[in-house]
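Participant: I'd like to ask some things about the structure below.
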Amino acid sequence: IQMTQSPSSLSASVGDRVSITCRATQSIRTYLNWYQQKPGKAPKLLIYAVSSLQTGVPSRFTGSGSETDFTLTISNLQPEDFATYYCQHSFTIPYSFGPGTKLEIK
Amino acid sequence: QVHLVESGGGVVHPGRSLKISCVDSGSTFTSYAMHWVRQAPGKGLDWVAVISYDGFNPHYSDNVKGRFTISKDNAKHTLYLQMDSLTTEDTAVYYCARGVSGSYIDHWGQGTLVTVSS
């Protein structure tokens, strides 16, 4: 199963609402997770099973979708949200990641 | 509580071997599957391998199958990755990470850099 993400990069301003799309080459049901990574740091789990928010993650992060098409939406962007975002499926081994979406400050 | 610390990275020649480790100082290591995920310089995340909570069921990506071996010592709270026949394509930061219910990854170490170069 291959994962794609769009866009590959995105410029936005503090306070904006942005969406990142992730697509699988076959149905992965609801086995879709989102991670945030900042430069020089390990990834951090944001959302698992499409829409479940990891403990401590702000509610401005939401996930949606099913089968092959998924979306991560960030509302009211904050300065600390500028980072790279990866989707990952956990439907079958190997658990592949998407190529990432870099969110930059406009 | 989970605290994963990788070690053992370094510079190695192509074709040689290296074994990296990850110690969990927390109390839940024996109950969870563990993963290795790598990231080449300036590139995205690349899932490498996973092993079951009891250390008996390893699985690998096609890129490393037959060359890498993941193992888990629950008595020592330590995860290992034995890497053989290394190539320059294996140059990356290697992260160990905790897997939940055979599904998502909820905790990551800080990573250890492996550089394969002549």
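The values are calculated or read from the model by the stated rules, or taken from the named source; none is laboratory data. All figures in this text were calculated on a predicted structure; none of them were measured in a lab. Because the Cβ atoms are built from the backbone with ideal geometry, glycine has one as well, and the counts that use them run over all protein chains shown. For accessibility, only protein heavy atoms count, side chains too; no ligands or nucleic acids. Shrake-Rupley method; radii C 1.70, N 1.55, O 1.52, S 1.80 Å.
Participant: Give me the residue from the stretch B:44-72 that is open to solvent by 70 Å² or more (accessible area, probe 1.4 Å) and without any contact (Cβ under 8 Å) to a residue 12 or more places away in the chain and, out of that set, nearest to A:Gln2 (Cα to Cα).
Facilitator: In this case the residue turns out to be B:Asp62.
Participant: While we're on this one: Exactly one of these conditions fails for B:Gly109: (1) within 14 Å of another protein chain (Cβ to nearest Cβ); (2) open to solvent by 10 Å² or more (accessible area, probe 1.4 Å). Give me its number.
Facilitator: Condition not satisfied by B:Gly109: (2).
Participant: On the given criteria, is B:Gly66 modelled with pLDDT of 95 or more, farther than 14 Å from B:His35 by Cα and out of contact with any helix residue (DSSP H, G or I) (no Cβ under 9 Å at 6 or more places or on another chain)?
Facilitator: Details: modelled with pLDDT of 95 or more: yes; farther than 14 Å from B:His35 by Cα: yes; out of contact with any helix residue (DSSP H, G or I) (no Cβ under 9 Å at 6 or more places or on another chain): yes.
Yes, satisfied.
Participant: Does the stretch B:77-87 contain any residue that is open to solvent by less than 20 Å² (accessible area, probe 1.4 Å) and facing another protein chain (nearest Cβ under 9 Å)?
Facilitator: The answer is no, given that none of the residues of the stretch B:77-87 is open to solvent by less than 20 Å² (accessible area, probe 1.4 Å) and facing another protein chain (nearest Cβ under 9 Å).
Participant: Let me ask another. Being away from chain B (no Cβ under 11 Å), closer than 29 Å to B:Tyr94 by Cβ and either free of Cβ contacts under 8 Å to residues at least 60 places away in the same chain or under 12 Å from the mean Cα position of the chain (by Cα) (or both) is the filter here; which residues of the stretch A:22-55 pass it?
Facilitator: A:Cys22, A:Arg23, A:Thr25, A:Gln26, A:Gln36, A:Lys38, A:Leu53
Participant: Can you give me the number of residues within the stretch B:40-69 that are within 12 Å of another protein chain (Cβ to nearest Cβ) and either closer than 29 Å to B:Gln1 by Cβ or of a type outside the set (A, V, I, L, M, F, W, C) (or both)?
Facilitator: 20
Participant: Next question, about the same structure. Here is a list: B:Val23, B:Val5, B:Val12. Which entry is away from chain A (no Cβ under 12 Å) and touching a residue at least 60 places away in the same chain (Cβ under 8 Å)?
Facilitator: None of the other options fit; the residue is B:Val12.
Participant: Given (1) in contact with a Gly (Cβ under 7 Å, 6 or more places away or on another chain); (2) within 17 Å of B:His35 (Cα to Cα); (3) of a type in the set (S, T, N, Q), identify the lone condition not met by A:Asn76.
Facilitator: (2)
Participant: For residues in the stretch A:78-93 being at the interface with chain B (Cβ under 7 Å from one of its Cβ atoms) and crowded, with 19+ Cβ neighbours inside 10 Å, which is farthest from B:Asn57 (Cα to Cα)?
Facilitator: Going through the qualifying residues, I end up with A:Tyr86.
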